[in-house]
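Heads up, the thing below is written out as structure tokens.
Laboratory data are not the source of any read-out in this text; all were calculated from the coordinates shown. Just so you know, these numbers come straight off a predicted model, no measurement behind them. Backbone-built Cβ (ideal geometry, glycine too); neighbour counts: all protein chains shown.
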There are 2 protein chains.
Amino acid sequence: MPGQHTLDETESQVATRLAGMDLDFEAMAVTANLFRAANAARNQMERTVLAKSNLTWTGFVVLWVAWIWETAETREIASEAGVSKATLSGVLTTLESRGLLERKRGERDGRLVTVELTAAGKKLMKGLFPEFNKAERHVTRGLDRPQLPAIAEALRQITQAARD
Amino acid sequence: MPGQHTLDETESQVATRLAGMDLDFEAMAVTANLFRAANAARNQMERTVLAKSNLTWTGFVVLWVAWIWETAETREIASEAGVSKATLSGVLTTLESRGLLERKRGERDGRLVTVELTAAGKKLMKGLFPEFNKAERHVTRGLDRPQLPAIAEALRQITQAARD
DNA sequence: CGCAGATAGTTTGGTCCCGAACGATCTTGA
DNA sequence: TCAAGATCGTTCGGGACCAAACTATCTGCG
């Protein structure tokens, strides 16, 4: 496959090209591979699990959050799904038009909107999530099993550090 | 801040809600936090480093790849940047119109297009990348320094596993 | 040679994505 | 009480994003 570089080739080229600059190469390796890994895993899951239900990644995450919390306010969903409220608004419209969830205007506070899955939405998630989890196991299969919690914890630290 | 959950609250709710299902919870924790971390880091870097140069994330990554490889074919850039060739085509048009790079039709093979940074593009990257690296150090500051290479390696394994 | 198939990049159509501006609703303090 | 400010979700404009269809080019085999 001409014109393709392996990960090793890329990292070696980076080291050569940036040699002599005053950089934190270890931090760079972590973040560069963080984005590569997240991207690769996401693409893999979109193709293998989500595509057959005609769901986008964000659509799935939004459904997942609402499913986990039974009922959720939109600002919670936006925060947990990692999208802006503007984006969420559009995605909710899409999912609502497909009958997977419902918006309800808050009764106590008229500014709020809460989201709840419909029966169809719950059924979809119930069938889909175990498959999604299989894909999660698949993409982590190269890691030492006892190492997993430590990796999850390291990723939590990154999330925390990036929130200010 | 009402309506916000901490990471701990979320993971505990997930455990409760999915209790009893036959799932790989450790793999789930890794991937869930992988996406959270990547998202948080990306947003942080977009706001703090990229915004002032009016660059999008993808725009920056594309410039970075072309900068590292001096000159690159578009399929290489698409692969390394983790976007489809369709997306790349549009992003290249944007960056080219801003005078940061140039497309050149391949001479030996007329189907190929190679990309090269202009002087302005090189100057931008030379100034921007050290700042970007500072942000990389910032988001990894919560991690034990000697642990960094192991984390980078674990992320490489995930990338690898997700590529089939 | 010449044409069938492979390969590269672009275009198209539809969704996602964000910041900023907006209208609606709630809260607070004088 | 009621106006100023805060907070919520939506809308708007423009870029990113992908799959599929398309054009152009190259390769190889008869």
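Values for this structure:
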quantity: Coil-residue GluC sites (Glu not before Pro) of region B:15-80, DSSP, other Cβ within 10 Å capped at 12; calculated: B:Glu70
quantity: Mean Cα-pair separation over length for region A:1-126, i.e. relative contact order, pairs under 8 Å, 6 or more apart, %; calculated: 19 percent
quantity: Within 10 Å of each Cβ in A:64-73, the average number of Cβ atoms from other chains; calculated: 3
quantity: Listed residues B:Arg105, B:Arg145, B:Arg137, most fluctuating in chain B (Gaussian network, C-alpha, under 10 Å); calculated: B:Arg145
quantity: Using alpha-carbon coordinates, inclination of helix A:25-45 to the longest axis of chain A, degrees; calculated: 50 degrees
quantity: Sum of -39500 (n - 2.57) over DSSP H runs of 4+, divided by residues of the protein assembly as shown (222 nm, nearest 500); calculated: -20000 deg cm²/dmol
quantity: Separation in nanometres of the label points that stand 7 Å from Cα toward Cβ, at B:Asp22 and B:Asn54; calculated: 5.7 nm
quantity: Under the Karplus curve 6.51 cos²θ - 1.76 cosθ + 1.60, θ = phi - 60°, whole-Hz ³J(HN,Hα) for region B:54-62, x wherever Gly or Pro sits; calculated: 6, 10, 7, 4, 5, x, 5, 4, 4
quantity: Nm distances between copies for A:Ser97, ranked from closest, using label points 7 Å along Cα→Cβ; calculated: 2.6
quantity: Residues listed by number, region A:142-157, amide nitrogen under 15 Å from B:Ala150 label point at 7 Å toward C-beta; calculated: A:143-155
quantity: Selection of GluC sites (Glu not before Pro), region A:96-139, meeting DSSP coil and at most 10 other Cβ within 10 Å; calculated: A:Glu107
quantity: Where only C-alpha atoms are counted, convex hull volume of the protein assembly as shown per residue in Å³; calculated: 155 Å³
quantity: Chain A - charge dipole about Cα centre, Lys and Arg +1 at Cβ, Asp and Glu -1, debye rounded to 20; calculated: 820 debye
quantity: Violating pairs (Cα-Cα greater than 22 angstrom) within the set B:Lys52/B:Lys126; A:Lys52/A:Lys123; B:Lys52/B:Lys85; B:Lys52/B:Lys123; calculated: B:Lys52/B:Lys85
quantity: Sequence of B:Ile151, A:Ile77 once ranked by neighbouring C-beta atoms within 10 Å, starting from the fewest; calculated: B:Ile151, A:Ile77
quantity: Per-residue Cβ neighbour rank within 10 angstrom, fewest leading, B:Thr74, B:Thr159, A:Thr6; calculated: A:Thr6, B:Thr74, B:Thr159
quantity: Reachable aspartates and glutamates from B:Lys134, criterion Cα separation under 18 angstrom, eight or more residues apart if same chain; calculated: A:Asp22, A:Asp24, A:Glu26, A:Asp164, B:Glu46, B:Asp144
quantity: Kirkwood Rh in Å, taken over region A:23-162 so that all alpha-carbon pairs contribute; calculated: 16.8 Å
quantity: Shortest-first distances to equivalent copies, position A:Ala86, nm, label 7 Å out along Cβ; calculated: 2.3
quantity: Cα-centre dipole for the protein assembly as shown with unit charges at Cβ (Lys and Arg positive, Asp and Glu negative), debye to 20; calculated: 880 debye
quantity: GNM flexibility winner over chain B from B:Ala135, B:Ala150, B:Ala119 (Cα, springs under 10 Å); calculated: B:Ala150
quantity: Copies compared at B:Thr6 - label distances in nm, ascending, label defined 7 Å from Cα in the Cβ direction; calculated: 4.5
